[in-house]
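Read through the structure below, which is laid out as structure tokens, and then see the notes.
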Amino acid sequence: MCICNPLHRRNEDDENDEDDADGSRKNKTCDGGKTCPCTKPASALPSHPYTVTRAGMAKHRMAGDMANLRSPDTFGMYTYNDHSAYGAAEVVENLLRDYNEARELKDRQLAWATVEGMAFFMELGAGMDMSMADDGDRMRELSEQMAIMVLDMLATLKKEDQLKSDSDYKNIGWIMTLYIDLAKTLPDQGLLDDPPTKGKAKAFKFNPGNLELYLRKYAFDAGITLPDDSEAAEDVDVAMPKPEADDPWNWAKSLAKYTKSHGMGTGKKRTIGGDYLDITTMSSAERKQASFDKKDPLSKEMIKKIKEGECLVLA
């Protein structure tokens, strides 16, 4: 379906508010589909470059809901200073787990939806809040794993001849544009190393600071257009892994290393993510103790619904 570009939403000062020939109004303030393209079928506006699968949007909304449940301020509570920041990181870790599961099942559509959802969560949601966590090294490692995720997805599509301008993944160019924007933003937030000084490409060695270059190299080689990209499409001098390798970006090893360093549990049961920081998983007594008014912010009806397996969504 169509959607407004989140990069435009962050720039409300853009004065260009004229309709495009196809009625997409690229710079029109988003109003959730009342007059903007949001929710319209992509087939209805074939020249509109900003689309997302419904599964990808569901991933984004789920991540937003889960981040809200990890924000003590939302519940009128105080636990510790970085609860929300680590909560955002926990949501990112859960998305990485979702991607890994889809990857192992070879469910490419679900894997792609997770890549989409992660991009939106970082661009529009609370993803960037993890930059406020006091463990900067861990947050950088987490960002690196997120970078490896999108690169691993592109490598998989390339092997399956789907990394191309007429790919079955219709929004591949725009999602790559969102990650290029993230590659520029993450270093400013201390979540990724600054890009290295450009030089002649040598033998491949993964450098997270090269994320933008890796993405541009994939796009150029595949002839993929990057919507809203201000830089001219040209070849990039950066060493890439061998495309025929089983795991060219070392997704499995890097995820295992991150899990060993930062996961919860012991041995083979050690995992990342989970719901440790979800306010609704705390006991009523714990919530009362942390609440400003010393009352449980969850009503008996809310608690009943949660026990029945329903998810609390905050308006």
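The values are calculated or read from the model by the stated rules, or taken from the named source; none is laboratory data. Predicted model, so just to flag it, every value in this text is computed and none were measured. Cβ coordinates were reconstructed from backbone atoms using ideal geometry, including for glycine residues, and neighbour counts include every protein chain displayed. We work out accessible area using only protein heavy atoms, side chains counted, and drop any ligands, DNA or RNA first. Shrake-Rupley method; radii C 1.70, N 1.55, O 1.52, S 1.80 Å.
Observations on the model:
- Residues in segment 248-274 that are under 19 Å from the mean Cα position of the chain (by Cα) and open to solvent by less than 10 Å² (accessible area, probe 1.4 Å) were compared, and the one that is farthest from Tyr86 (Cα to Cα) is Trp249.
- Residue ID - farthest from Met122 (Cα to Cα), chosen from residues in segment 33-61 that are in contact with a strand residue (DSSP E or B) (Cβ under 7 Å, 6 or more places away or on another chain) and not hydroxyl-bearing (Ser, Thr, Tyr): Leu45
- One residue stands out among those in segment 275-285 that are in a helix (DSSP H, G or I) and under 30 Å from Tyr99 (Cα atoms): the one that is most open to solvent (accessible area, probe 1.4 Å), which is Thr281.
- Cβ pairs under 9 Å, 6+ apart, first in segment 75-102 and touching a residue at least 24 places away in the same chain (Cβ under 8 Å) and on the phi > 0 side of the Ramachandran plot, second open to solvent by 10 Å² or more (accessible area, probe 1.4 Å) and not polar (S, T, N, Q): Gly76/Phe292; Gly76/Asp293; Gly76/Lys295; Gly76/Pro297
- Any hit, segment 106-117, residues being open to solvent by 10 Å² or more (accessible area, probe 1.4 Å), of a type in the set (Lys, Arg) and within 27 Å of Lys205 (Cβ to Cβ): no
- Residue check for Asp237: open to solvent by 30 Å² or more (accessible area, probe 1.4 Å), part of a loop (DSSP other than H, G, I, E, B) and farther than 21 Å from His262 by Cβ: yes
- Unmet criterion (only one of (1) open to solvent by less than 70 Å² (accessible area, probe 1.4 Å); (2) on the phi < 0 side of the Ramachandran plot; (3) in contact (Cβ under 8 Å) with a residue 40 or more places away in the chain) for Gly190: (2)
- Restricting segment 171-226 to residues that are among the aromatic types (Phe, Trp, Tyr) and in a loop (DSSP other than H, G, I, E, B) leaves a set whose member that is modelled with the lowest pLDDT is Phe204.
- In segment 127-143, the residues that are open to solvent by 30 Å² or more (accessible area, probe 1.4 Å) form Cβ pairs under 7 Å with partners that are aliphatic (A, V, I, L, M), at six or more places apart or across chains, as follows: Met128/Met122; Asp129/Ala85; Asp129/Ala88; Ser131/Met139; Ser131/Leu191; Met132/Ala85; Arg140/Leu191; Arg140/Leu192.
- In segment 41-55, residue farthest from the chain's Cα centre (by Cα) [restricted to those that are in a loop (DSSP other than H, G, I, E, B) and touching a residue at least 40 places away in the same chain (Cβ under 8 Å)]: Leu45
- Residue that is farthest from Asp98 (Cα to Cα), among those in segment 286-313 that are of a type in the set (Val, Ile, Thr) and surrounded by 13 or more Cβ atoms within 10 Å (Cβ to Cβ): Ile303
- Checked against the criterion of being surrounded by fewer than 19 Cβ atoms within 10 Å (Cβ to Cβ) and modelled with pLDDT of 90 or more, the candidates Leu7, Leu69, Leu45 yield just one match: Leu45.
- No other residue among Lys295, Lys288, Lys253 is outside any helix (DSSP H, G or I) and modelled with pLDDT of 95 or more apart from Lys295.
- Segment 246-257 residues that are in contact (Cβ under 8 Å) with a residue 60 or more places away in the chain and more than 12 Å from Arg103 (Cβ to Cβ), paired with ones that are assigned to a helix (DSSP H, G or I) and open to solvent by less than 30 Å² (accessible area, probe 1.4 Å) (beta carbon under 8 Å, 6 or more apart): Pro248/Asp152; Pro248/Ala155; Asn250/Ile148; Ser254/Gln145; Ser254/Ile148
- Here Ser167 meets the list (1) over 14 Å from the mean Cα position of the chain (by Cα); (2) surrounded by 19 or more Cβ atoms within 10 Å (Cβ to Cβ); (3) not in a helix (DSSP H, G or I) almost entirely, failing just condition (2).
- Residue check for Lys158: in contact (Cβ under 8 Å) with a residue 24 or more places away in the chain, closer than 19 Å to Glu212 by Cβ and surrounded by fewer than 19 Cβ atoms within 10 Å (Cβ to Cβ): yes
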